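Nothing in this text is a laboratory measurement; each read-out follows from the coordinates by a stated rule. Everything quoted here is computed from the prediction, not taken from an experiment. Cβ atoms come from the backbone with ideal geometry, glycine included; neighbour counts cover every protein chain shown.
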Amino acid sequence: MTKSRGFTLIEVLIALVILSVGLLGLAGLQIISLKNNQSTYVRGQANLMAMDVIDRIRANPHAQQLYLTTVVAASTHSADPPCNQCKDSGNLCAPQQIVALDLCDWQAQLSKLSTDATGAITNSNGVYTISIQWDENRDGAVNALDANITMSFLL
């Protein structure tokens with residue numbers, strides 16, 4: 001009986017199957033990592049948008065109640081007159097015009113976050129609440145299963 005040297009074909013095939021299962025696992029981890037990375041980026045952008053609108057409300061103290069809105073849908077209204085008013089630093093604008101510009105800018109920012117993002121500004125006993133929600137699971141509808149950001153502040 002002669003002694004065999006080297007690997008047999010079966011051993012090579014088994015090693016190849018084990019290697020391919022490991023590589024498939026790594027590919028799955030990479031996909032999950034990319035998805036979570038995108039989710040984190042969008043959440044960070046939503047936080048910045050909420051902080052931006054909070055700063056805009058604080059900067060316009062004479063018209064704070066005019067910012068209250070139930071739902072602001074994402075859209076781009078750059079051609080609408082309220083969005084074009086007060087853009088030139090030479091214009092003197094009324095607080096109401098500044099509110100219209102701020103809400104238009106917020107709508108444009110929401111559209112960059114997601115095409116179906118929504119935002120709301122509410123006030124309860126002097127506590128303002130900014131809510132932003134978007135279709136994170138990409139099922140075509142913004143609902144309770146999707147992510148949202150809510151910030152409250154007191155003026």
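Adding -39500 (n - 2.57) for every DSSP H run of four residues or longer, then dividing by how many residues the chain holds, sets the calculated 222 nm ellipticity at -17000 deg cm²/dmol. Computed over Cα pairs, the Kirkwood radius of the range 1-70 leads via Stokes-Einstein (0.692 mPa s, 37 °C) to a diffusion coefficient of 184 µm² per second.
Overall shape of the chain was characterised from the C-alpha gyration tensor. The equivalent ellipsoid obtained from it has semi-axes of 55, 16, 12 Å, in decreasing order. Using a Gaussian network model of the chain in which every pair of alpha carbons under 10 angstrom is joined by a spring, one finds that among A15, A27, A50 the greatest mean-square fluctuation is at A15. Counting neighbouring beta carbons within 10 Å and listing from fewest to most, the residues S131, S39, S111 come out as S39, S111, S131. Taking I57, I14, I32 in turn, the Gaussian network model of the chain (Cα-Cα springs below 10 Å) assigns the largest fluctuation to I14. Between D116, D52, D139, which gets the highest mean-square fluctuation from a Gaussian network model of the chain, Cα cutoff 10 Å? Comparing D116, D52, D139 in the GNM, the peak value goes to D139. The residues neighbouring A141, those whose beta-carbon lies less than 15 Å from its own, together hold a net charge of -4 under the Lys/Arg +1, Asp/Glu -1 convention. For the pair T69 and N123, label points projected 7 Å from Cα toward Cβ lie 1.6 nm apart. The residues V72, V53, when put in order of fewest to most other Cβ atoms within 10 Å, stand as V72, V53. Ranking of Y67, Y41 by neighbouring Cβ atoms within 10 Å, starting from the fewest: Y41, Y67.
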